[in-house]
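All remarks here apply to the structure that follows.
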Amino acid sequence: MPTGRFELHSRLAPDAALAVLTDFGPDRPSIWPGISEGHYEVHDRGEDWAEITEGNDQTWERVRYSWDGAAGTATVKTLDSNIWADGSGWSYRFDPDGTGSRVSITVTRVGKTAVGKIIAALLPLLARVALKKSFAGPLQSE
């Protein structure tokens, strides 16, 4: 399965960075690039999980976020998508790093459509540039 990995340094402490990732309030589409209001819906959520749909006109996915604040980890499993198949998802690790945190991100993509398969094939190249850029603002990376 095509996988992309990258790290970034956030000015936020690990718990604060995890809180930004797992904030499913109404402002999420304005905070995270690639999420539009028309493709954002919170279906259900609990203390350490949420099931949401997020994306934009090109790609969307219904996912289940699960996180462990004490461990500084989060996983996102794709449940349904217009271009991603079962086995797609994300994993995050938030470790203390000076006054901020080191965020390690892994994304795995299994294409369900021709477009998904092309993007998935390019993922190892795109992750460090395009995806890292999309996390820079919300996670206040340096």
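May I ask you to verify whether D44 is among the charged types (D, E, K, R) and free of Cβ contacts under 8 Å to residues at least 24 places away in the same chain?
Numbers: among the charged types (D, E, K, R): yes; free of Cβ contacts under 8 Å to residues at least 24 places away in the same chain: yes.
Considered against the rule, which asks whether it is among the charged types (D, E, K, R) and free of Cβ contacts under 8 Å to residues at least 24 places away in the same chain, D44 comes out as yes.
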Residues satisfying the stated conditions in region 47-82, i.e. open to solvent by less than 30 Å² (accessible area, probe 1.4 Å) and among the small types (G, A, S)
A50, G55, G72, A74, S81
Pairs under 6 Å by beta carbon, first residue under 20 Å from A17 (Cα atoms) in region 117-138, partner small (G, A, S), six or more apart or different chains?
A127/G4; S134/G34
Consider S88 against the criteria (1) crowded, with 20+ Cβ neighbours inside 10 Å; (2) under 25 Å from H9 (Cα atoms); (3) in contact with a helix residue (DSSP H, G or I) (Cβ under 7 Å, 6 or more places away or on another chain): it satisfies all of them except one. Which criterion is unmet?
(3)
Long-range neighbours under 7 Å by Cβ, at least six apart or interchain, first residue without any contact (Cβ under 8 Å) to a residue 60 or more places away in the chain within region 86-100, second in a strand (DSSP E or B) and basic (K, R):
G89/K77
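The values are calculated or read from the model by the stated rules, or taken from the named source; none is laboratory data. For clarity, every value in this text was computed on a predicted model and none was experimentally measured. FYI the Cβ positions are ideal-geometry reconstructions off the backbone, even for glycines, and counts take in every protein chain you see. Surface areas here come from the heavy atoms of the whole protein model, side chains and all, with no ligands, DNA or RNA. Shrake-Rupley method; radii C 1.70, N 1.55, O 1.52, S 1.80 Å.
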